[in-house]
Amino acid sequence: QEVIDNGQKLNEEETAEFFNVYSRKITELRVYFSEREDITKEQLAALNKENLYPGSVVNIQYKLNEEQLGDLKNILEPTFLGYNHMLEKAPFTYAGELIYSLNDSVALLMYLDEFLVNSSDLYGDKDLLKMYYTELFYAIVKGTSDHSVFNNGVVEKEYKDIWSTIVNESYSSNTINFLVKPIVNEFETSGWTKSESWDNLDHSDIMDAID
């Protein structure tokens, strides 16, 4: 709120410095209160002032209201938007399972994919962004225990459609094209029953592709 009240436009370095401090504060509060079994009315009011609310996806959710977001857009460099969105939506997986629906997870992956290409190294959350992207990418391409890629040895239609869609998006990054396109091509050739690229894909491949 102090930054908004001040009203002074911040440059890229100042924006990153502000958000790094802000993100640490929000993360520390979320971790601390997520581990508590009870929250007093006074503590809840204090959390709400920091845009933190008890939620269903995670114990403590962070969400800027539209007025605050609009004010910050006028003051901060646009690079903060991607990190703020990540802060609002994280975590994306839990114990290897997707927290959001498959379609919503794909939409989040595509958002992070587009943002990651132009994200600034000045932000302390850059490595966290890469980690979230890697976990989300892996779960969407390899499937999960609760959401298998295969049905009777053949790739499920929803995975066929999702993979085909993301490799055909005009704004998809080199990471998606480099890793997913061979998988789609190999599965199509085999009648959607096998792909060596899919078999061999692991987290380190995704990390290497985005570095």
For the range 55-195, with every protein chain kept in place, what is the accessible area per residue (1.4 Å probe, Å²)? 48 Å²
Bins of 10 Å from zero: percent of alpha-carbon pairs in the range 127-174: 23, 48, 26, 3
Tabulate in residue order the Karplus-calculated ³J(HN,Hα) for the range 187-197, using 6.51 cos²θ - 1.76 cosθ + 1.60 with θ = phi - 60°, rounded to whole Hz; enter x for Gly and Pro. 5, 4, 5, 8, x, 6, 10, 7, 7, 5, 5
Using 0.36 nm per residue, how much length does the chain from GLU67 to TYR111 gain when fully extended, once their Cα-Cα distance is taken away? 13.6 nm
Once the piece of chain linking GLN43 and THR27 is laid out straight, how much longer is it, given 0.36 nm per residue of separation minus the C-alpha distance between them? 4.2 nm
Reported to two decimal places, what Rg/Rh ratio describes the range 74-150 when computed on Cα atoms with Rh from the Kirkwood expression? 1.01
Past 26 Å, Cα to Cα, is the threshold; run LYS89/LYS126; LYS89/LYS130; LYS63/LYS160; LYS25/LYS73; LYS25/LYS130 against it and keep the listed order. LYS63/LYS160
Quick check: at a probe of 1.4 Å, how many percent of the accessible area of the range 37-194 sits on carbon and sulfur atoms? 48 percent
Please list the non-local residues whose amide H lies under 5 Å from the amide H of GLN61, H modeled 1.01 Å from N, same-chain partners needing a gap of 5 or more. TYR53, GLY55
Here the range 1-139 gives, from Cα atoms, an Rg and Dmax in Å of 15.4, 43
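The values are calculated or read from the model by the stated rules, or taken from the named source; none is laboratory data. Computed from a predicted model, the values in this text were never measured in an experiment. Ligands, DNA and RNA are stripped out before the accessible areas are found, and what is left, the full protein with its side chains, is counted by its heavy atoms. Shrake-Rupley method; radii C 1.70, N 1.55, O 1.52, S 1.80 Å.
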